[in-house]
């Protein structure tokens, strides 16, 4: 049977991917962030998940307003590296897991999450930045990826609670997957930042730390927040935090923190997090 | 708290200086957003840079949209309903980086904006 080994939170800013590609990870202003990835890489090397379920958003790269799904799940056997206008990043194509993805599709739709199914979803920085920072891909990707895309760009967005519940449904689906398979869930994006309007450059470290506290111990209180509250405290693009809430929903009510780091760069508050279930209770997890 | 049935959970007014893409403004700005989206492709960027007026006319931009692009009125475009992620494709094609584009929306030069930052070597 499949198991969930834990959940991770990572920023997904394209600048982080560019820093990797340009060999800047030890540059003074980047080092605090990349040092924060080391315990996460080590945890992944120890837990060796077969699959990462990536909760991310596309940035009008592979998806556009002509047909923008609220939730989309990739069943692709392999994912191309998207060209975001400067040529694709020098990463190998990312293997998917069609069998698990179809299981998730069936289970989630049965659980009333009517998501779009994608057979060809080139991945942009929303997924590739955390993936390329967390996994050593130089000799090929060490595992498979199931991307789940959430619309955080065009309102109406799914509510924070809806994302949290999607995470809970992902948990039920993974734990019912009758294949030996270790899965980790990755929430991506944020934390506080704003890219449009007069409040461009808004960062709120106090909120970011509070968000990380509450995500760990009282995620229900975050699920109750409106989009306006998220935007007021974390900036318009800080709304990406609802994707971390999806990751948190896929973990047990009580979790153990393995790692947490926070750093804010020029434009964005960066949170890094590894959580594990406090107690593994599959019977309880399978109930609604 | 579960939102009441039919109550739009996304309609609360936002704080000053914040904008969201959606609603009828998104319908009005769809052509403008689609124009910016197309700049992902190098050939479209080249055509735009070679003859901005022709490219904008071919895309069916309104006179007001064309005027905002010509004036590099980034804030006006965001207020009009352009997504920041698509705006940066436009300003980038015109040679303006993300931070400079954002600084202008704040009413600052890039230098003034960077002086407000503690970390400047890592975006």
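What is the distance in Å between the Cα centres of the stretch B:71-97 and the stretch A:92-144?
If you average the Cα positions of each part, the centres end up 31 Å apart.
What ranking do A:218-225, A:171-178, A:199-206 get when scored by the average of other Cβ atoms within 10 Å per residue, highest first?
Listed from highest to lowest mean packing, they are A:199-206, A:171-178, A:218-225.
Determine Rg/Rh for the stretch A:116-262; Rg is computed over alpha-carbon atoms and Rh is the Kirkwood hydrodynamic estimate from the same atoms.
Computed over Cα atoms, the ratio is 0.96.
Taking the stretch A:216-271 on its own, what percent of its Cα-Cα pair distances exceed 16 Å?
Tail fraction, whole percent: 51.
Once you wrap a convex hull around the alpha carbon atoms of the stretch A:2-285, what is its projected area averaged over all directions, in nm²?
13.6
Rg and Dmax of the stretch B:23-96 over Cα atoms: what are they, in angstrom?
Calculated on Cα positions, Rg and Dmax stand at 11.0, 34 Å.
Please work out, to two decimal places, the log10 of the ratio I(q)/I(0) at q = 0.11, 0.20 Å⁻¹ from a Debye calculation in which every Cα of the stretch A:91-186 carries one identical scatterer.
So the normalised log intensities work out to -0.36, -1.18.
Which order do the peptides B:25-31, B:98-104, A:38-44 come out in when sorted by mean C-beta neighbours inside 10 angstrom, highest first?
So the peptides B:25-31, B:98-104, A:38-44, ranked by packing, come out B:98-104, A:38-44, B:25-31.
Using the basic label-point model (7 angstrom from Cα toward the beta carbon), what is the residue B:67 to residue B:51 distance in nanometres?
2.5
So what's the gap between the Cα centers of the stretch A:29-62 and the stretch B:16-65, to the nearest angstrom?
Distance between centres, Cα-based: 34 Å.
On alpha-carbon atoms, Rg over Rh for the stretch B:76-123 using Kirkwood Rh?
0.99
Can you tell me what percent of all Cα-Cα pairs in the stretch A:21-145 are more than 17 Å apart?
The share of Cα pairs beyond 17 Å in the stretch A:21-145 comes to 62 percent.
If each of residue A:67 and residue A:80 carries a label point 7 Å out from its Cα toward its Cβ, how far apart are those two points in nm?
My value for the distance between the label points is 1.6 nm.
Can you give the relative contact order of the stretch B:23-96 as a percent, counting alpha carbon pairs under 8 Å and 6+ residues apart?
It rounds to 45 percent for the stretch B:23-96.
If you take the C-alpha gyration tensor of the stretch A:138-185, multiply each eigenvalue by 5 and take the square root, what semi-axes do you get, largest first, in whole Å?
26, 18, 7
Suppose R0 equals 60 Å; then what is the FRET efficiency for residue A:213 and residue B:58 from their Cβ-Cβ distance, rounded to the nearest 0.05?
My answer for the efficiency is 0.70.
Kirkwood Rh over alpha-carbon pairs of the stretch A:25-79, then Stokes-Einstein at 20 °C and 1.002 mPa s: what D in µm² s⁻¹, rounded to an integer?
Rounded to a whole number, D works out at 146 µm²/s.
Distance in nm between label sites at residue B:115 and residue A:221, each 7 Å beyond Cα in the beta-carbon direction?
It works out to 4.0 nm between the two label points.
With an 8 Å Cα cut-off and a minimum separation of 6 or more residues, compute the relative contact order for the stretch A:1-149 in percent.
38
Give me the compactness ratio for the stretch A:89-140, meaning the Cα radius of gyration over 2.2 N^0.38 Å.
Ratio of Rg to 2.2 N^0.38 Å for the stretch A:89-140: 1.38.
Helix-only mean residue ellipticity at 222 nm, chain A, DSSP H runs n ≥ 4 weighted -39,500 (n - 2.57), per residue, nearest 500. What is it?
-10500 deg cm²/dmol
The numbers here are math on the coordinates, done by the rules we state, and not lab data. What you see is a predicted model; the values in this text were computed from it and never measured. Cβ coordinates were reconstructed from backbone atoms using ideal geometry, including for glycine residues, and neighbour counts include every protein chain displayed.
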